[in-house]
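The values are calculated or read from the model by the stated rules, or taken from the named source; none is laboratory data. Bear in mind the structure is a predicted one, so any value in this text is a computation, not a measurement. No Cβ is skipped: glycine too gets one built from the backbone with ideal geometry, and neighbour counts run over all protein chains shown.
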Amino acid sequence: MIVGIDAPFDVTPILPALVASGVGIVGRYVTPPSATFPTKGLTRAEAEAIHAANLRILSLYEHGAPTGPSYFVPDRGRFDADEAVACAEAAGQGAGTIYFAVDYDADASDVAGPIARYLDEVRVTLGDEYRLGLYGSGRVLGLAQPGEFRWLAQSTGWAGYSPMLGDVVQGPTIEVGGRQVDSDQAMVACGAW
């Protein structure tokens, strides 16, 4: 297992503390900046700094509010996949995995219906260069197809929670370098670059 963290901000200022803490993987968002989170998205300069510190990056796409079934429509799947690839490429990521978030405790009908259709559109739009990774509850991770990675959300009360399901398992919030980040445990093969 590899120790990791994920954060919705530029981690460059805390890289020495991350390295000293034994972190090997940093989860960062490949999303455009917003007024609410101006440094949420990974930049090329930050990616280069992370790599210079000998750390790997997990790319996570979450733009908007994937927190209910109304978000997960096929047109949104195509838009999100295109935007995720553009942001990943702008940050310097070549072909590889981008995790897409389902950030709520989706019930079985949401998973089998709108979420599954949304993810089908993401897969088609990503094509052969990029691979879909899933972030969410154990129930959502059940939609992963062979060769796709799974990132289990830290919400232990969400349906199907089992650390055995994730290639990445998000843990509790911790403080590193004076900043709050989510902790993660990752398998060596988890789609990091």
message: Condition check: in contact (Cβ under 8 Å) with a residue 60 or more places away in the chain, out of contact with any Phe, Trp or Tyr (no Cβ under 7 Å at 6 or more places or on another chain), crowded, with 17+ Cβ neighbours inside 10 Å and over 18 Å from Leu126 (Cα atoms). Does Leu55 satisfy that?
response: no
Residues within region 11-29 that are touching a residue at least 24 places away in the same chain (Cβ under 8 Å) and under 25 Å from Gly166 (Cα atoms), tallied: 11
field: Residue check, Ala35 modelled with pLDDT under 95 and farther than 25 Å from Asp167 by Cβ
entry: yes
field: Hey, Ala49 out of contact with any helix residue (DSSP H, G or I) (no Cβ under 6 Å at 6 or more places or on another chain), closer than 15 Å to Gly92 by Cα and aliphatic (A, V, I, L, M) or not
entry: no
message: Here is a list: Gln154, Gln170. Which entry is of a type in the set (S, T, N, Q), assigned to a strand (DSSP E or B), touching a Ser or Thr at 6+ places or on another chain (Cβ under 9 Å) and closer than 21 Å to Ser21 by Cα?
response: Gln170
message: For a quick check of your reading of the model, give me the residue pairs whose first member lies in region 113-127 and is farther than 8 Å from Ala81 by Cβ, whose second is in a helix (DSSP H, G or I), with beta-carbon atoms closer than 7 Å and at least 6 apart or on different chains.
response: Pro114/Pro69; Ile115/Val140; Arg117/Pro74; Tyr118/Pro74; Tyr118/Arg76; Tyr118/Gly77; Leu119/Gly77
- prompt: When residues of region 1-58 are filtered for being assigned to a helix (DSSP H, G or I) and basic (Lys, Arg), how many remain?
  reply: 1
- line: Only unsatisfied item for Gly22, checking (1) on the phi > 0 side of the Ramachandran plot; (2) touching a helix residue (DSSP H, G or I) at 6+ places or on another chain (Cβ under 9 Å); (3) of a type outside the set (D, E, K, R), is (2)
